[in-house]
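Worksheet: the structure to be examined is printed underneath.
The values are calculated or read from the model by the stated rules, or taken from the named source; none is laboratory data. Just so it is clear, the model here is predicted, and its values are computed rather than measured. Here Cβ is always computed from backbone atoms with ideal geometry, including for glycine, and neighbour counts include all displayed protein chains. What goes into the accessible areas is simple: the full protein's heavy atoms, side chains included, and nothing from ligands, DNA or RNA. Shrake-Rupley method; radii C 1.70, N 1.55, O 1.52, S 1.80 Å.
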Amino acid sequence: MITYPGCIHPIRIPFTVPSPSGPVPRFVFSFLIATKESLVLIDAGVHGSEQRIFGEVRDLGRKPEEIGFLVLTHSHPDHIGGAMAIQEATGCSIAAHPAERKWIEDTQCQERERPVPGFRDLVGGPVRVSRLIGDGDSITLGAGRALQVIHTPGHSSGSISLLMRPEMILFSGDAIPVPGDLPIYDDPDASIESLERLMNIEHITYLFSSWAEPKGGEEVYFTMDDGHAWVKEVSRAVSLITVAHPGIGLDHLTRLVVKEIGLPAEAANPMVIRTIKAHTRKS
Ligand SMILES: [Zn+2]
């Protein structure tokens, strides 16, 4: 366990996604930044997460209505699922990158275009994005603090990371893949570029990823290196198998890649098939 500034409250949200062999346990982090001046929430978890998030707020002696801002790092179900209930209960503003807006405001469209297993159980409903944010924008937290928006596409086209200044604390959303976990991104080259951009930011003190426990010190940069290496490893496996099996179909390719990179067979789900398809466009 690391010690990090007391204004940051990671909220670990467990959920399951259905698979042919039964429900697969997953988790995602949302982050509450609680300063005297404001409560800002980064990501909304899955449908129902509002109870856990509001519980955290009340434990701090604050009220859910004090949440003034919900920043969505991107539009995926485990980040927007609780947004509708949170918006209804608090009246908060919702900020996201323009490239994610359509899937946040039209969740039926997202389900058609990116059919994640269990989508309807994970997403409470659509919400309106009231503030569009892009690279270089700043979200004021009060007392001289701000969240600087860094556009980190790859996982999705409008994925953002947030750098809290002046403490240099990075919230990376899903931008940093986790070795040994499902590789999920829409554009491997953009993902690599985004990781390199984050790795080049000096003096990051803490890393809060949606997919991992908080990291501090040199672990921050090791985590980014590992994520970078994982994308390269998937790329290597895709190249190896497409060369060995010219004309191989996408489903078969995904099954072989999953095996090659040491993941269990059930990892070849629709989200990973989408990732492998993205790799074949590049090779
Ligand atoms: Zn995601």
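Would you call GLN108 polar (S, T, N, Q) and either assigned to a helix (DSSP H, G or I) or more than 28 Å from PRO5 (Cβ to Cβ) (or both)? Against the criterion (polar (S, T, N, Q) and either assigned to a helix (DSSP H, G or I) or more than 28 Å from PRO5 (Cβ to Cβ) (or both)), GLN108 qualifies. Of the residues making up the range 57-77, at least one is within 16 Å of the ligand (Cβ to nearest atom) and either part of a helix (DSSP H, G or I) or modelled with pLDDT under 95 (or both).
Counting residues that are more than 18 Å from ILE204 (Cα to Cα), which strands (runs of 3 or more DSSP E) fully inside the range 114-191 reach at least 2? Those strands (runs of 3 or more DSSP E) span 138-142.
On the stretch given as the range 202-237, residues that are surrounded by fewer than 16 Cβ atoms within 10 Å (Cβ to Cβ) and in a loop (DSSP other than H, G, I, E, B) total 6. Based on this model, can you work out whether LEU240 counts as open to solvent by less than 30 Å² (accessible area, probe 1.4 Å) and either free of Cβ contacts under 8 Å to residues at least 40 places away in the same chain or in a helix (DSSP H, G or I) (or both)? Considered against the rule, which asks whether it is open to solvent by less than 30 Å² (accessible area, probe 1.4 Å) and either free of Cβ contacts under 8 Å to residues at least 40 places away in the same chain or in a helix (DSSP H, G or I) (or both), LEU240 comes out as no. Inspect the range 12-28 for any residue being open to solvent by less than 20 Å² (accessible area, probe 1.4 Å) and under 28 Å from ALA143 (Cα atoms) and give the result as yes or no. Checked against the condition, which is being open to solvent by less than 20 Å² (accessible area, probe 1.4 Å) and under 28 Å from ALA143 (Cα atoms), the range 12-28 yields no hits at all. Considering the range 97-128, the residues that are hydrophobic (A, V, I, L, M, F, W, C) and farther than 16 Å from ILE67 by Cβ include one that is most open to solvent (accessible area, probe 1.4 Å), namely ALA99.
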